[in-house]
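The values are calculated or read from the model by the stated rules, or taken from the named source; none is laboratory data. Model, not experiment: these values are computed from the prediction. Cβ sites come from the backbone with ideal geometry, for glycine too, and all protein chains shown count toward neighbours. All accessible areas refer to the heavy atoms of the entire protein, side chains included, with ligands and DNA or RNA removed. Shrake-Rupley method; radii C 1.70, N 1.55, O 1.52, S 1.80 Å.
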Amino acid sequence: MNGGGEDEVAPSAESPHALDWKFAQVFGERTAGEEVQEVDIISAIEFDRTGDYLATGDRGGRVVLFERTDNRDHGGHRRDLERTDYPLSKHPEFRYKTEFQSHEPEFDYLKSLEIEEKINKIRWCQTANGALFLLSTNDKTIKYWKVQEKKVKKVCSMNLDPSKAMGNGPVVSPSMSISPKSHMANGRCGEKSFGCSSNDFSIPSDGVPSLHLPVVVTSHETSLMARCRRIYAHAHDYHINSISNNSDGETFISADDLRINLWNLEISNQSFNIVDVKPANMEDLTEVITSAEFHPTHCNTLAYSSSRGSIRLIDMRQSALCDRHSKLFEVQEASGSKSFFTEIIASVSDIKFAKDGRHILSRDYMTLKLWDINMDSGPVATFQVHEHLRPKLCDLYENDSIFDKFECCLSGDGLRVATGSYSNVFRVFGCSQDSGEATMLEATKNPMKKQAPAPSKPSRSLGLTRVVRRGPENSGVDANGNPYDFTMKLLHLAWHPTENSLAIAASNSLYMYYA
């Protein structure tokens, strides 16, 4: 009922079996006919490196954090439980942890420009002293947040013991004997042994009211506090499309259409421009930067993609301004096959490094491509996602859907890739050479499986194996056989770093699936 991924042609024994995806849980599910507010639509999603926390950002500038619970119910950390072969629950479970307002709408008076509060990207940073740290960005401003549990301090009870109080008079202590006559009504001591000086206050006739001192106690309850530690602003003239943490734990990059800047987490008033593709004459501009990401283990290496379908690998050790790439990955279009839409659909909307740093996954409008950084002659595998929409490119251009930016993700073991599509559909492909896995599922509580035809056989060129796998050839119908709904676009998703678990953002709802 929920799941899929079994091909009509069974994969070989060496390749991993096709996964059977099942629904785990949903947050923010909307009821039938419920209108979704624009500010509630999820615009960013990210697991932390342990997989114990998940963050989402929305168009209203909010960041919502979720915490994994199934690995805590047994009283230990997940990795510790695995060492002791403790039986874990059948699928990861998350719960709402906290949320905070990360960005507010702003107005740039110098440029007469409205700056949306929408969260473009979220990236987790290294944890320290039990606190969570993350970066969030809108179009112009990056913020560094610290989220920490604080013990709640409460005003308990006043230190008035009714059994020892006399009317509104003072509390009687066992260590001293106090008679009503020893106090004047305004609080002065009638006997000099108490050392109280006189004053000019009026004296009530019914005695002195006792001094009610509150008792402040630290309770066992905790409250999550989100505090903005740094604000990195005024460094981008164009909209920020990417942020990425460095493996050194100290620096990160931010990218807009024409520049990539390098920041130190502790320094918010200064950044270094390391990539600049802005030409002297803007009329000569032929491509823009669409995504950028640091290598997961090599702190000197990063990759960025362009609107012309290329990916450039750069080494920051070569020069201060990395205007030359060390490697270029692109697919050469056959002569005569270009059309008005060729460059539009070739634009790379997202890139992700595999966990081992050996491969890069890229997403353009039509396909997913898997690249080996040691082989720049072409992708090692291409996965067809929207080939069935090619006859509809004119309509997609008219309604601007052709400019939709779909994200992509890889499994922690690098054996599978995933991306989104229309009608709230997401797709999972197997990466290994002999895998025929090509699953299409709808982001609902009952995801419908759509079996894909057998992938085309690997073709050999220049002695290198490249694999082309197609998704379902369905002529523009979704998993239920209905025409595609181009208003229901599944742009954002994330793969758990260590398990086969996917977090899917469908409008204002967050769906979790496991296999």
(message) The conditions are (1) open to solvent by less than 10 Å² (accessible area, probe 1.4 Å); (2) in a loop (DSSP other than H, G, I, E, B), and residue 433 fails exactly one of them. Which is it?
(response) (1)
(request) Would you confirm whether any residue within region 267-276 is in contact with a Leu (Cβ under 6 Å, 6 or more places away or on another chain), modelled with pLDDT of 95 or more, in a strand (DSSP E or B) and open to solvent by 50 Å² or more (accessible area, probe 1.4 Å)? (result) yes
(request) Take the residues in region 141-171 that are at pLDDT below 95 and buried (at least 16 other Cβ atoms within 10 Å of the Cβ), then tell me which one is nearest to residue 53 (Cα to Cα). (result) 148
(message) Quick check on my filter: what residues within region 375-401 are over 23 Å from residue 360 (Cα atoms) and among the aliphatic types (A, V, I, L, M)?
(response) 389, 393, 396
(message) For residue 61, only one of the following conditions fails: (1) modelled with pLDDT under 95; (2) crowded, with 18+ Cβ neighbours inside 10 Å. What is its number?
(response) (1)
(request) Tally the residues that are open to solvent by 30 Å² or more (accessible area, probe 1.4 Å), more than 22 Å from the chain's Cα centre (by Cα), closer than 16 Å to residue 288 by Cα and of a type outside the set (Asp, Glu), restricting the search to region 216-266. (result) 1
(request) Could you tell me whether region 397-410 includes any residue that is open to solvent by 10 Å² or more (accessible area, probe 1.4 Å), aliphatic (A, V, I, L, M), under 23 Å from residue 241 (Cα atoms) and outside any loop (DSSP other than H, G, I, E, B)? (result) yes
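Out of all the residues in region 436-450, is one or more in a strand (DSSP E or B), touching a residue at least 60 places away in the same chain (Cβ under 8 Å) and either of a type in the set (Phe, Trp, Tyr) or open to solvent by 10 Å² or more (accessible area, probe 1.4 Å) (or both)?
Scanning region 436-450 turns up at least one residue that is in a strand (DSSP E or B), touching a residue at least 60 places away in the same chain (Cβ under 8 Å) and either of a type in the set (Phe, Trp, Tyr) or open to solvent by 10 Å² or more (accessible area, probe 1.4 Å) (or both).
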